[in-house]
Amino acid sequence: MPTSNLLNNTRGQALHAYELERPEHLRDWLQNRYKVLQPVHDQTGNGSWEEVHAGDVVPFDPALRPVMSPKSLFFAEREQMFTFDGEMFRTTTPKTEHQVLFGVKACDLMAISYQDHHFRDDPYYQARRKDTLLVGIDCSSPCENGFCSTVDAGPQVHQQNADLILTPMPSINGHSHGWWLICTSDHGAQAINGMDLPPADSHWRYWRDMSNEHALADFADDTYIINGIQRINARAVPDEVWDTLGHQCLSCSGCSQTCPTCSCYAVRDIPKDGGFVRERFHDSCLMVGFQKEASGANPTAQAGRRVARYWYHKFSSDFKAANGRIGCVGCGRCDITCPGAIGVHSVMEKIAHA
Amino acid sequence: MSIKTTSTVCPFCGTGCGIGLRTENGQLLGVEPIRNHPVSKGRLCSKGWNSAYGVERQNRITTPLIKENGAFRPASWEEAIELIHEQFSYHLEEHGPTSVGAISCARATNEDNYAIQKFTRVVLQTNNIDHCARICHSPSVAGLARTVGEGAMTNSIGDVSKADVVVVFGCDPTESHCIIGSEIIQAKERGALLIVVDPRKTRLAKMADVHLQLKVGSNIALVNGLLNIIFANGWENKAFLEEHCLYLDQLKASVEEYTLEEVSKRTGVPADQLIQAARIYSHARAAFLAYGMGVTQFVSGTNNVIAISNLVLSCGQIGRPGTGINPLRGQNNVQGACDMGALPGNYPGYQFTNDPVAQEKFSKAWGYQVPTHPGMTSLGMNEATLQGQFHAMMIFGEDPVVTDPDQNQVAKVLKKLDFLVVVEMSMTDTASFADVILPAASFAEKHGTFTNCERRVQRVRKAIEPLGECMADWQMIGHLARRFGYTGFDWETSEEVFNELAALMPIYSGMSYPRIEQHGGLQWPCNAHAPDGTPILHRKGFPNGKARLIPLHHLPPAETPDADFPYYLTTIRLHFHYGCGSMTRKSPILERETPSGLLFMNEQDARNQGLFNNAPVGVRSRRGYLETRVVFSEQMPPGLVSMPYHFDDIPSNQLTNDAQDPVTRMPELKACAIRIEPLAPTARPRSIKELREQGECDAHL
Amino acid sequence: MLEMTPTAVRLIERYDDGEDIIHFTFEPVSIEAGLPDVADPKKVSPGQFFMLSVPGKGEAAFTYAATPDERGHFCALIREVGQLTESLFDCKPGDILGARGPFGKGWPEFGQRKVLVIAGGCGLAPVAAEIDALIANNANPVVYFSARSEAMLVMKNERERWHDAITLYEAVDNQDGASKTYLKGRELMTNLDTIMAEHGGFDEVICCGPEGMMEAVCHYLTDRGFPADHIWLSLERRMHCGVGLCGHCYVAHDLVCVDGPTYRWDQLGELVVKEKFVQPPRELASMGHAEEVSDGCCSSEGGGGCGCSGF
């Protein structure tokens, strides 16, 4: 289990909430003690998790969710594991500093929690993770392709997944009246200690729940996703359907790359100074070589099997026992990036009726 | 330090997808797809996702190298440039400017290509400049120039989504141009009809409404047959033909002999499928036709393109949204390299080198008299070398030893050259023949522009500093030109190069870096008449006034299977790899995807030869021999086998024929005759290196 | 936290032990701080595996063909199938490599129960240490071992030792040029009939070989009423971590590196049914070794027939 103090915080105790005029005030406060990363509108238009320095005049856009999830901040897309100098192997530990991820959405927070569990004993992940404070932000409407409500990941941040949560006060006549800041962990409490925020009046819970209900009502009909999940769990999807879907898989790896809960990796050795360094990098089970052995034998040579595997891993309750929940957090990223038109929505539509 | 993302363009195929390069402390971490990109819209293929690996420090050449006693040693830029100056000056003086030349690069930026061709024409005083478009789409440029006037995609990639019929002719975009393939899959999903013309049962063929699985090399017979059906039924677009096309009567007369029975026999396609395809295409509200190297890489390549053009024009499927005749170009910037005039017969912007007005224009602009003698193509330069008339060459970023036909011949040429300069990122087979290697900056290390296959000029941006002493081609050209004592090459930034070339090219004259950025890329022609670019060509008519229908006839491939060499071999590309593989093969994931065998074969054919899946085999043509393993493929019809051409250790171009299209001298890569020689079941196929050492790779019959 | 960095080990002995197969022995480079886990006889049990790094070439899983002795010497039986093993075959005694482990579940504790061991090809490696353990326990196991040809009958030294101690049946598919008469490898069912008739009454069966062969054996046994929960198998999969993180070795919701590589047939069967993702339907091979892909169990870079991977 995690050794970090941050992760061992006692959760679920009485929540404290405060009033906050603007999220930037909290961010600026945290910058005194932490490196702060937030979603920033960047050159690509994708949005990216970038460091915002004290004194930078960067607005915080509550609606911005970067195309890439914050996954690689902990499960690095390329991680040096150790070096070998010809005689000795030496572990490389990533250099980290106290940091804050500011403004993480419910789906990505649920994914971080899922990964925290998967990588609970992974020294590299934990080195990056343990010094990180998570500031979540509630969503008040569905995003494009998102279905977090269907898979119990959002739109409201689950309190055990963040240290601090920002939730907007109800807007009246289109005017925002500010934010509530909910403190959900000791680490969160420490971080705002001294900030001297006015406590929220007791209505905040009611309004937060109300806002959540409003958001839930705006989600599109998700019957086909629920049906699809049931059919995967009942193993009721015919092989031919998977084969047809597999036929459209171009093995780009985009779904795995953008999925906030995908965690597969491979390793390689890079020659260096008479020895080598071993690096691990993100991998994807949709690639035909993923299970291919040196002899050429391959248990999952057929694309249909690999596509079936991917969605089984995301939606089967067989994994609940080990992971506490299903693998999908409903962010919808795979649907945008899939060139084969077999992202989550298309797949679920097809298998729900297959 | 935190992660920074730089917006740029994928360096692989001609689709031109938007990628964000993620860097931390000057190191490339990976890539992300650009959500709002006009072409890729947040998608990438496996090559795109792995593009950061291709430019890593490992195996990169980071200083100039000079060959001494058969081995390379690092050298300074001054020393390398001095040697190049000395050698080229010698050959220019001794043998004249026809004895030297350059091969430019379809992977490099427009700015690089412009600089290279300018250097060749101004400093080397020759039109001997070419690049690999010769071996992919020169027939498109030549064929479409004759019929519709412009040798490029007439429409945009986004037009696929506006079509109700999509025709895919001789290519598999889901493998070679994945995001275009994606558009086609999505079109199919929303109900568009899909017609695939391919001897192989490709991924799209399996999804198609009609798959015309024609015999290799029977493209013209097929198209003429379709035209005959269309004319016989009166399905042609009469109004369009009347208004926009010449020589309809001649075309009609020429296709009359292509009767249904005859065409069905020659192509192997059942008659009802021919009629169905003709009906669907001619009746479409908007039909998008895409074609690839299965059309161009034949001795009849130019004619194949013209035949397809005849079909498109006869049905009027051009000049409107969702239509067009659309060659899918191979490299990221093969369109740009052509646009920039890295061709013997063209100055930048398709202005002809034999046109005195253009000669005058460029002489004046560049401040030096341009050469007037005709230039040679790459194969022309090769032949001249073997005849002792060509002596010194510069090759920028291409690997003809792996990618060109008849590899043994290419190797002979490179050996025979008196002086060879290769500009490369890593040690390729071609580079190993060089006297001097200059270290090239990768796409991630420089600014510039690429032009994708839909004529969209897009910004390439520097994400990391060039490794070691690498630099962009236009920068090294500047150094070289100065050493030769020439002015006009003193650009400080890639933007200066771009401004110079845009001013000389009517099709680019409305472009600048700020305008390109503002518009998310601009499609040429972009000028005073079309300030925001031209997503669809020929909306109002054709550059030559009217489009031309050109009657032509079926010509079989130069080499057909016989008793000795009973199979047709066709070369293909794999989704996971690109070109000579010098970038894609550095990705551990893509390398792992490589099948353990590389000869794709119909299972029944293989069984008939007593071969099992993964069995080791020798593959022999009249020109070469190599060894590999068989992979059963349901894509392959009986009698046809295929090999990818990306691999330097099992190079399929050992075997291919360099018979050429008479118009463009395009070699016939898509068809040659081979035989398969089973090896002992436990044998391990020998690499080309081992075969060469054992003297077994030349053909000996 | 998991240790993902190998310990330096030295190659101390190698000898040819079958066609393209070498028998390697390793020892830890340093034992100043005690034996490292990978070479500690108290930590390693038969059926487990370790990850072997060939410097600069990568890492793959190999079964312990012999578990560590008190000096920390341990063995692997490795077949050349890819780049990594190719480099390994170039290693000389004295060369330094990396190893970490032990990983996975070994064979269960059989005590003195009567065990039939069935192995095909390099599938002998993962059961070899167990055979020795059973012999040491005076459990008197019966061993049936089959290979494609005489040259592929691996672990010659071990087999000579076993011949003196227990009943060992040997079979080959191809008898051509064999130095003696073996059972006919392709007649697996007949041979098993013989063994059952001669010995009978086994408490447990351990089987390791190509997946098609293991499947055939399991069906043979269960068809004759042998309880599925007394049949034990070892699987191999491509692996990169050995500790349940990298995801490569999945079978349904299991990861072979931590949940296997040894499986009880009823449990494995459940996974197979659950997922249908395990294997495309295969012809049930006889003991014969499929020509097309090399015989499953030695096929991997691991070559040990346990959860051995490769690239």
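Along the stretch A:61-71 the Karplus relation, 6.51 cos²θ - 1.76 cosθ + 1.60 evaluated at θ = phi - 60°, assigns HN-Hα couplings of 9, x, 8, 7, 10, x, 4, 9, 6, x, 2 Hz to successive residues, with x for each Gly and Pro.
For C:Tyr144, the residues 5 or more places off, or on other chains, whose built amide H falls under 5 Å of its own are C:Val117, C:Ile118, C:Ala119, C:Tyr169. In the elastic network of chain C, a GNM with C-alpha springs shorter than 10 Å, the most mobile of C:Pro141, C:Pro227, C:Pro46 is C:Pro227. When only alpha carbons are used to place a centre, the stretch C:33-67 and the stretch B:224-271 end up 71 Å from one another. Counting only other chain Cβ atoms within 10 Å of each residue's Cβ, the peptide A:246-258 averages 6. In a DSSP loop and with at most 15 other Cβ atoms within 10 Å, the trypsin sites (Lys or Arg not before Pro) in the stretch C:155-185 are C:Lys180. The Cα atoms of the stretch B:567-693 give a gyration tensor whose axes a ≥ b ≥ c have a/c under 1.5, which makes the shape rounded.
DSSP bridge analysis restricted to chain B gives an antiparallel fraction near 55%, rounded to the nearest 5.
Inter-chain Cβ neighbour count for A:88-99, averaged per residue, equals 2 (cutoff 10 Å, partner chain atoms only). In summary, the lysines within cross-link reach of C:Lys156, defined as a Cα separation below 18 angstrom excluding same-chain residues under 8 places away, comprise C:Lys180.
3J(HN,Hα) along the stretch B:257-270: 6, 8, 6, 3, 5, 4, 5, 4, 5, 5, 9, x, 9, x Hz, from the Karplus curve 6.51 cos²θ - 1.76 cosθ + 1.60 with θ = phi - 60°, whole Hz, x for Gly and Pro. Take each residue of peptide C:52-61, count the partner chain Cβ atoms within 10 Å of its Cβ, and average: the result is 5.
Here the Gaussian network model covers chain C, with springs between Cα atoms less than 10 Å apart; of C:Ala147, C:Ala61, C:Ala33, C:Ala33 fluctuates the most. The relative contact order of chain B comes to 19 percent, based on Cα pairs under 8 Å that sit 6 or more residues apart.
No solvent, one uniform scatterer per C-alpha: report log10 I(q)/I(0) for chain B via the Debye equation at q = 0.07, 0.09 1/Å, two decimals. Calculated log10 I(q)/I(0) at the listed q: -0.44, -0.75. Size of the stretch C:7-103: Rg and Dmax of its alpha carbons, in Å, are 12.2, 39. Note on A:Asp221, B:Asp490, A:Asp335, B:Asp209: ascending count of other Cβ atoms within 10 Å places them as A:Asp221, B:Asp490, B:Asp209, A:Asp335, the fewest first.
Exposure proxy for C:Glu130, C:Glu187: other Cβ atoms within 10 Å of each Cβ, ordered fewest to most, give C:Glu187, C:Glu130. Antiparallel beta bridges, as assigned by DSSP with both residues in the protein assembly as shown, represent about 60 percent of the total such bridges. Here's the list of aspartates and glutamates a cross-link from B:Lys47 could span, going by alpha-carbon distance under 17 Å and ignoring same-chain residues fewer than 8 apart: A:Glu77, A:Asp283, B:Glu32, B:Glu56, B:Asp172, B:Glu175, B:Glu591, B:Glu593.
How many angstrom lie between the Cα centre of the stretch A:27-76 and the Cα centre of the stretch C:2-30? Here the two parts' Cα centres lie 48 Å apart. Mind grabbing the base-10 log of I(q)/I(0) for the protein assembly as shown at q = 0.04, 0.05 Å⁻¹? Debye formula, identical points on the C-alpha positions, no solvent, two decimal places. Ignoring solvent entirely, the Cα scatterers give -0.26, -0.40.
A Gaussian network model of chain A, with springs between Cα atoms under 10 Å, assigns the largest mean-square fluctuation among A:Ala303, A:Ala106, A:Ala321 to A:Ala321. Per-peptide packing, taken as the mean over residues of other Cβ atoms within 10 Å, places B:653-659, B:111-117 in the sequence B:111-117, B:653-659 from highest down. Would you please classify the overall shape of the stretch A:115-232 from the alpha carbon gyration tensor, given that a ≥ b ≥ c denote the square roots of the eigenvalues, rounded means a/c under 1.5, and beyond that prolate means a/b larger than b/c while oblate covers the rest? Taking the square roots of the gyration eigenvalues as a ≥ b ≥ c, the stretch A:115-232 is oblate.
For the stretch A:158-166, 3J(HN,Hα) computed residue by residue from phi via the Karplus equation (6.51, -1.76, 1.60; θ = phi - 60°) reads 6, 5, 6, 9, 9, 8, 9, 10, 9 Hz, glycine and proline entered as x. For A:Val36, the residues 5 or more places off, or on other chains, whose built amide H falls under 5 Å of its own are A:Val52, A:Val100. Taking trypsin sites (Lys or Arg not before Pro) across the stretch B:220-317, the ones in a DSSP loop with at most 15 further Cβ atoms lying within 10 angstrom of their Cβ are B:Arg285. The shape of the stretch B:4-55 can be summarised by an equivalent ellipsoid whose semi-axes, obtained from the alpha carbon gyration tensor, come to 18, 12, 8 Å from longest to shortest. Think of the stretch B:4-55 as a dipole: +1 on every Lys or Arg Cβ, -1 on every Asp or Glu Cβ, centred on the Cα centre; then among B:Ala52, B:Pro11, B:Ser40, B:Ser40 lies furthest on the positive end.
Neighbour counts of other Cβ atoms within 10 Å put C:Leu35, C:Leu124 in the fewest-to-most order C:Leu35, C:Leu124.
The base-10 log of I(q)/I(0) for the stretch C:115-297, evaluated at q = 0.10, 0.16 Å⁻¹, reads -0.39, -1.01 [Debye formula, identical scatterers on Cα atoms, solvent excluded]. Under a cut-off of 19 Å between alpha-carbon atoms, report the lysines in cross-link reach of A:Lys71, not counting same-chain residues fewer than 8 places apart. Leaving aside lysines fewer than 8 places away in the same chain, those within reach of A:Lys71 are A:Lys35, A:Lys95, A:Lys105, A:Lys130, A:Lys314, B:Lys4. When the convex hull of its Cα atoms is viewed from all sides, chain A shows a mean projected area of 20.6 nm². Across the alpha-carbon set of chain C, the Rg to Rh ratio works out to 0.94, Rh being the Kirkwood radius. The dipole here belongs to chain B: it is taken about the Cα centre, uses +1 on the Cβ of Lys and Arg and -1 on the Cβ of Asp and Glu, and is about 1600 debye.
Taking every alpha-carbon pair within the stretch A:203-354, the share separated by more than 20 Å comes to 58 percent. Amide H to amide H, with H built 1.01 Å from N, A:Val104 comes under 5 Å of A:Val135, A:Gly136, A:Ile137, counting only residues 5 or more places away or on other chains. Among B:169-181, B:69-81, the peptide with the highest mean count of other Cβ atoms within 10 Å heads the list, and the full ranking is B:169-181, B:69-81. Assuming a ≥ b ≥ c are the square roots of the Cα gyration tensor eigenvalues, decide whether the stretch B:138-327 counts as rounded (a/c under 1.5), prolate (otherwise, with a/b larger than b/c) or oblate. Since a/c stays below 1.5, the shape of the stretch B:138-327 is classed as rounded.
The numbers here are math on the coordinates, done by the rules we state, and not lab data. Predicted model only: the values in this text are computed from it and were never measured. Quick reminder, even Gly has a Cβ in these numbers, built from the backbone with ideal geometry, and neighbours come from all protein chains shown.
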